[in-house]
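Written out below as structure tokens is the structure these notes cover.
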Number of protein chains: 2
Amino acid sequence: MRIALCGGTGDIGEGLALRFAYDTDHELLIGSRDPEKARVKAEEYVTELGSRGVETTIKGFENAMAADRADVVVLAVPPYYVRDTVESISDRLDAETILVSPAVGMQRDDAGLHYNRPSAGSVTAMVAGTAPDDVSVVGAFHSLSADKLAALDVELAEDTLLVGDDEDAVDIVRLLAEGIEGLRPLYAGPLGNAAEVESLTPLLINLAKHNDLHDVGVRFE
Amino acid sequence: MRIALCGGTGDIGEGLALRFAYDTDHELLIGSRDPEKARVKAEEYVTELGSRGVETTIKGFENAMAADRADVVVLAVPPYYVRDTVESISDRLDAETILVSPAVGMQRDDAGLHYNRPSAGSVTAMVAGTAPDDVSVVGAFHSLSADKLAALDVELAEDTLLVGDDEDAVDIVRLLAEGIEGLRPLYAGPLGNAAEVESLTPLLINLAKHNDLHDVGVRFE
């Protein structure tokens, strides 16, 4: 499959790119607003993987160009850029494209980090409301630590939660997630359940702080 | 320690009563609006424990009477009774009493179950706002399955999250929780972080439904 990581030069984009390249045979396209930056980071990922004996091709493009060529587009951008990013790639998406939303809006107060619920109900719902109607949107990869993903020597043993209304699209993202070793995807239901899934991320960060749990993940069992 | 379970005749109260009695030496008081019902259920718990070789005394009282005698009062009532229950026991609480809030308000729509955030910010914050100022409030035990607790043959292996502003009170509830075998308490920070903790419960129920995970618990690692 061809996976575009819009914002693939950032932390979570880097982590997902390295894990997908290391553990799977999917073709990866790194997207950025700045295509030169995307090319430089793609080269860095290729070099890092080469040093671990993985020969691969990863190319960098401007976000819309990356999205244009992809079967699955991951919106690996900060929450406040999500809407702009979707708008900037919208005319490159079609009914065959799956948009994946991992972003979580958070705000900090004296107590800790909190879920900053968008007026659409969730970031994933905001993506669905911004993308063309025929594009399927799946929320996934929210609670993964970018650092832990990028540290390829660290074995993962955690769950990632999927939300989405289109079950075929959810099944494709489930297969993608299963391709990353040690990651178990669980379906949390339709898009309307995304807020509770996205709320996990600030909770994980608060727990990490108070319990000395570095790069903590979650398992449901 | 003396633990009062207000609403201890209900499902979560029964589960906690049985586990505390089975795994610890704390003295248990079952509270209910109807003292006769509390006495009958307390007798049932004693009989159930006796059939497993645990000889113990558990007594039933009207909620305020149970709270009056306790070091720790667990508000094991449905979320819509929490405020009334706190008001009905308030004059029996003092600066030495710790109030524990496990309740979560939820609502259902077509997608699944959702966290129904009270205007106070969380159920735990609502308890703190209703109780006398000098009473310490700790949120705990939200995500535990009442059925799994009550099934004493089932080994627990899950986390429970604590929130509270008074760290001494949190430490006491942490010790209580550690007394239940297989339960690991993790501190999620001050009361202001309770909404993300309470949001876990509807998420667990949605995940159980979609992934055939009966009585699912959560672990952070």
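The values are calculated or read from the model by the stated rules, or taken from the named source; none is laboratory data. Since the model is a prediction, treat every value here as computed from it, not as a measurement. No Cβ is skipped: glycine too gets one built from the backbone with ideal geometry, and neighbour counts run over all protein chains shown.
Scan the stretch B:33-86 for residues that are closer than 24 Å to B:Ser122 by Cα and either part of a helix (DSSP H, G or I) or hydrophobic (A, V, I, L, M, F, W, C) (or both) and the total you get is 17. Considering the stretch B:187-218, the residues that are within 7 Å of chain A (Cβ to nearest Cβ) and of a type in the set (Ser, Thr, Tyr) include one that is surrounded by the fewest Cβ atoms within 10 Å (Cβ to Cβ), namely B:Tyr187.
Would you check if A:Gly112 is within 14 Å of chain B (Cβ to nearest Cβ), surrounded by 24 or more Cβ atoms within 10 Å (Cβ to Cβ) and touching a Gly at 6+ places or on another chain (Cβ under 7 Å)? It is false that A:Gly112 is within 14 Å of chain B (Cβ to nearest Cβ), surrounded by 24 or more Cβ atoms within 10 Å (Cβ to Cβ) and touching a Gly at 6+ places or on another chain (Cβ under 7 Å). Kindly establish whether B:Ala103 is of a type outside the set (Ser, Thr, Tyr) and either more than 13 Å from B:Leu75 (Cβ to Cβ) or touching a strand residue (DSSP E or B) at 6+ places or on another chain (Cβ under 6 Å) (or both). Against the criterion (of a type outside the set (Ser, Thr, Tyr) and either more than 13 Å from B:Leu75 (Cβ to Cβ) or touching a strand residue (DSSP E or B) at 6+ places or on another chain (Cβ under 6 Å) (or both)), B:Ala103 does not qualify. Reported count of residues in the stretch B:66-94, each being at pLDDT 95 or above and either in contact with a strand residue (DSSP E or B) (Cβ under 8 Å, 6 or more places away or on another chain) or closer than 24 Å to A:Leu200 by Cβ (or both), is 16. Checking each residue in the stretch B:20-44 for being crowded, with 24+ Cβ neighbours inside 10 Å and not hydrophobic (A, V, I, L, M, F, W, C) picks out B:Gly31, B:Ser32. Whenever a residue of the stretch A:170-188 is in contact (Cβ under 8 Å) with a residue 12 or more places away in the chain, its partners that are of a type in the set (Val, Ile, Thr) and part of a loop (DSSP other than H, G, I, E, B), lying with C-beta atoms within less than 6 angstrom and at least six residues away or across chains, give the pairs A:Gly179/A:Thr24.
Among the residues making up the stretch B:15-32, those that are over 10 Å from the mean Cα position of the chain (by Cα) and outside any strand (DSSP E or B) are B:Leu18, B:Arg19, B:Phe20, B:Ala21, B:Tyr22, B:Asp23, B:Thr24, B:Asp25, B:His26. Those strands (runs of 3 or more DSSP E) of the stretch A:112-219 in which 2 or more residues are of a type outside the set (D, E, K, R) and within 15 Å of the chain's Cα centre (by Cα) occupy A:136-139, A:158-164, A:183-187.
Taken as a whole, the condition of being closer than 25 Å to A:Thr160 by Cβ, in contact with a Pro (Cβ under 7 Å, 6 or more places away or on another chain), at pLDDT 95 or above and among the β-branched types (Val, Ile, Thr) does not apply to A:Ile3. Contact annotation: residue pairs with Cβ atoms under 7 Å, 6 or more positions apart or on different chains, pairing a residue in the stretch A:137-152 that is under 20 Å from A:Asn206 (Cα atoms) and surrounded by fewer than 22 Cβ atoms within 10 Å (Cβ to Cβ) with a partner that is modelled with pLDDT of 95 or more and of a type in the set (D, E, K, R), are A:Ala146/A:Asp11; A:Ala146/A:Glu14.
Taking (1) surrounded by fewer than 22 Cβ atoms within 10 Å (Cβ to Cβ); (2) within 11 Å of another protein chain (Cβ to nearest Cβ); (3) free of Cβ contacts under 8 Å to residues at least 24 places away in the same chain in turn, A:Asp165 satisfies each apart from (3). When the stretch A:88-100 is limited to residues that are touching a residue at least 40 places away in the same chain (Cβ under 8 Å) and in a strand (DSSP E or B), the one that is farthest from A:Gly217 (Cα to Cα) turns out to be A:Ile98. Answer with yes or no whether A:Val104 is assigned to a helix (DSSP H, G or I) and aliphatic (A, V, I, L, M). When the stated conditions are applied, A:Val104 does not pass them.
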